[in-house]
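These notes are about the structure you will find just below.
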Amino acid sequence: MAQVPAATPFPPPGFGRLWTGRAASGFGDHVTLLALQTLVVLTLEGTAQQVGWMSSARWLPYLVLGLLVGALVDRRRRKPLMVTTDLVRALLLTAIPAAWVMDALTLPLLLALVASFGTASLINDAASLSFLPRLVPGEHLQRAHARIDGADAVAQTSGPALAGLLIKLLGAPFAVLANAGAYLVAALTVATLSTEEPTHSTRAPAPHLRREIGEGVKGVYGRSGLATLAVSTHVWFVANATLGVVIAPFALLDLRLSPFQFGVATGLAGTGALLGAALATTIGRATGTGGAIIVSHAASSCGVLVMVLAGVGTSGWAAAGVLGAGLACHGWGMGLSNSHEMSFRQRLTPDSMQARVNTTMRSFNRAVVVVVAPLAGLAADRVGMRPALFFAAAVFALALGILAALPLRPPGWSDRD
């Protein structure tokens with residue numbers, strides 16, 4: 001009688017160090033996100049449309065360079081790229097308070113720094129997402145992503161509240177420095193990670209670059225089985241881009257919350273995300289990959305409808321609590337879905353195409369943000385924040401409908417593969 005192969009232990013060696021680096025940078029990300037939004041709205045006296053421009057600048061490199069970067073990263077070792085781009089991001093964020101001290105920080109300069117930061121993040125994302133399958137066996141990818149999501153959810157819970165406190169004590173420009181330090185920690189942990197990467201195969205560089213980019217696009221929208229998930233995710237990003245632009249001015253201007261109250265409310269999204277990530281594996285086993293993602297989109301749609309009720313008969317901390325409850329529901333949905341979406345995509349993609357497929361998917365997702373964010377900000381300024389929130393809830397529901405109507409699994413796929 002043949003022996004059943006022993007299961008690969010989890011977590012594999014080196015995962016803890018990678019997790020530490022991702023947790024550190026994730027914590028800083030959430031501090032910086034709120035700090036930059038507050039910087040635009042209060043310090044630079046910006047509008048929802050200008051928050052939209054900042055969001056657009058953050059993701060513009062994905063639209064312009066994403067497909068090219070994915071092809072180039074697939075040709076190189078990924079760990080050195082991760083370390084270098086973490087150091088570059090720390091340097092760029094340090095430039096924001098430096099410009100403020102010199103009385104040179106303007107919206108155009110901030111947009112340029114944010115766009116440069118986005119370029120470094122694009123390269124880092126392409127490298128780190130394609131590095132994880134080299135470290136973690138396929139059968140454990142969902143659990144690995146769930147653990148990373150859990151760390152990010154903790155950061156999402158505490159980061160905004162800390163950001164609000166730092167903004168109150170130091171001002172928004174200096175609160176950004178917390179993330180610069182976090183990226184230095186991330187660079188150090190990845191640099192000391194003793195994982196061997198395969199040497200790159202001898203592929204001709206420039207003449208075949210267009211073909212390699214085309215392979216990445218086909219890997220998402222061809223017969224790989226990723227097309228339904230890709231289209232649904234693009235629609236989801238329309239809603240999330242709208243939400244990302246509207247929430248800060250809605251909270252700070254319409255509801256008149258203080259930065260600290262806004263930070264606490266935003267932190268509740270992390271509490272929801274932590275719970276969603278903790279339950280992701282259990283819910284996935286009960287509903288399957290597609291079912292778990294559908295449930296997550298339903299939670300996001302319901303969460304936005306709760307946010308609309310903030311400030312209706314309430315103010316101050318009560319309004320912040322209602323807003324936070326809606327954000328927690330949306331966060332729960334994101335915490336539930338991400339590990340399933342990422343593991344599904346990576347398990348269907350060969351190692352030689354990981355960067356191209358991941359970056360193609362992210363490039364189109366971020367292209368949605370680049371286009372939608374300023375339009376959503378303009379619409380919110382003209383028709384109001386609550387109608388914009390209703391629109392976001394409807395689009396989250398549309399993303400759910402696409403997954404419910406179209407098959408997700410490719411032929412022969414099993415959640416237990």
Practice problem: Could you point to the residue in ILE123, LEU63, ALA99 farthest towards the positive end of the range 1-130's charge dipole, with +1 and -1 charges on the Cβ of Lys/Arg and Asp/Glu respectively? | Solution: ILE123
Quiz item: Got a sec? How would THR242, THR228, THR106 order by Cβ neighbour count within 10 Å, fewest to most?
Solution: THR106, THR228, THR242
Quiz item: Could you put HIS297, HIS208, HIS145 in order, starting from the residue whose Cβ has the fewest other Cβ atoms within 10 Å?
Solution: HIS208, HIS145, HIS297
Self-check item: Ranked by how many other beta carbons lie within 10 Å on average, peptides 251-257, 124-130, 282-288, 18-24 from highest
Solution: 124-130, 18-24, 251-257, 282-288
Practice problem: Evaluate 2.2 N^0.38 Å with N set to the residue count of the range 2-104, then give the Cα radius of gyration divided by it. | Solution: 1.52
Exercise. Find the centroid of the Cα atoms in the range 103-140 and in the range 58-72, then give the distance between the two in whole Å.
Key: 10
Quiz item: Exposure proxy check: VAL40, VAL101, VAL217, VAL322 ranked by fewest other beta carbons within 10 Å?
Solution: VAL101, VAL217, VAL322, VAL40
Quiz item: For the chain, what are the DSSP H helices with axial Cα length of 15 Å or more and mean Kyte-Doolittle hydropathy of at least 0.5?
Solution: 48-73, 78-101, 107-135, 177-191, 227-249, 259-308, 354-383, 385-405
Quiz item: How big is Rg to Rh over the chain, alpha-carbon atoms, Rh as the Kirkwood inverse-mean-distance radius?
Solution: 0.96
Self-check item: Net charge dipole size for the chain [Lys, Arg +1 and Asp, Glu -1 on Cβ; Debye, nearest 20]
Solution: 720
Practice problem: Express the relative contact order of the chain as a whole percentage, based on alpha carbon pairs under 8 Å and six or more residues apart in sequence. | Solution: 29
Quiz item: Which percent of the Cα-Cα distances in the range 272-311 go past 14 Å?
Solution: 52
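Readers should treat all values here as calculations from the given coordinates under stated rules, not as data from a laboratory. Predicted model only: the values in this text are computed from it and were never measured. Using ideal geometry, Cβ is built from the backbone for each residue, glycine included, and neighbour counts are taken over all protein chains shown.
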